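Novice: Structure in structure tokens, see below.
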Amino acid sequence: MLLIGFNVETVEYKNISFTVWDVGGQDKIRPLWRHYFQNTQGLIYVVDSNDRDRVIEARDELHRMLNEDELRDAVLLVFANKQDLPNAMTAAEITDKLGLHSLRQRHWYIQSACATSGEGLYEGLDWLSSNIAKK
């Protein structure tokens, strides 16, 4: 039996207290995501830039999630992760493959990132904190 636990952390950044739910991406637990959508002001979606085989699946999941009523006002930050790998798709490629330009009613931003080195993480959080603060 597979046991799944979601990580919850409170992170203080730029005078904003973020409650961060790390819900993981395994397809078996995706139906549970929506239980965490209520009162969500910002969404961070992390994409494996090196995984060309699953980027369409990532797009479909993202758009399915963004169609949820509780997320209609949430701003979207996409981290194009694993930019340190030689064959990683660029942020522009990910933007295209995720169909981000079709999100006309959504405030979104994509940030190249490398979670292992921390590169790009602060830039993304800066955007998120200033755009949540505007709401």
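Novice: Check residue 70 against each of (1) modelled with pLDDT of 95 or more; (2) out of contact with any strand residue (DSSP E or B) (no Cβ under 6 Å at 6 or more places or on another chain); (3) in a helix (DSSP H, G or I) and name the one condition it does not meet.
Specialist: Result: residue 70 passes all but (1).
Novice: Somewhere in the range 77-87, is a residue part of a loop (DSSP other than H, G, I, E, B), under 17 Å from residue 124 (Cβ atoms), over 15 Å from the mean Cα position of the chain (by Cα) and at pLDDT 85 or above?
Specialist: yes
Novice: If you don't mind, another one. Could you tell me how many of the residues in the range 88-135 are in a loop (DSSP other than H, G, I, E, B), of a type in the set (Lys, Arg) and touching a residue at least 24 places away in the same chain (Cβ under 8 Å)?
Specialist: 2
Novice: Also: Could you look through the range 108-117, keep only residues that are modelled with pLDDT of 95 or more and not β-branched (Val, Ile, Thr), and pick out the one that is surrounded by the fewest Cβ atoms within 10 Å (Cβ to Cβ)?
Specialist: 117
Novice: Which is touching a His at 6+ places or on another chain (Cβ under 8 Å), under 21 Å from residue 19 (Cα atoms) and of a type outside the set (Lys, Arg), of 76, 66?
Specialist: Result: 76 is the single residue among 76, 66 that is touching a His at 6+ places or on another chain (Cβ under 8 Å), under 21 Å from residue 19 (Cα atoms) and of a type outside the set (Lys, Arg).
Novice: Turning to a different aspect of this structure: Restricting attention to the range 3-60, which residues are part of a helix (DSSP H, G or I), at pLDDT 70 or above and not β-branched (Val, Ile, Thr)?
Specialist: Of everything in the range 3-60, those that are part of a helix (DSSP H, G or I), at pLDDT 70 or above and not β-branched (Val, Ile, Thr) turn out to be 52, 53, 54, 57, 58, 59, 60.
The values are calculated or read from the model by the stated rules, or taken from the named source; none is laboratory data. Quantities reported herein were computed from a predicted structural model and do not represent experimental measurements. Neighbour counts run over all protein chains shown; Cβ positions are idealised from the backbone, glycine included.
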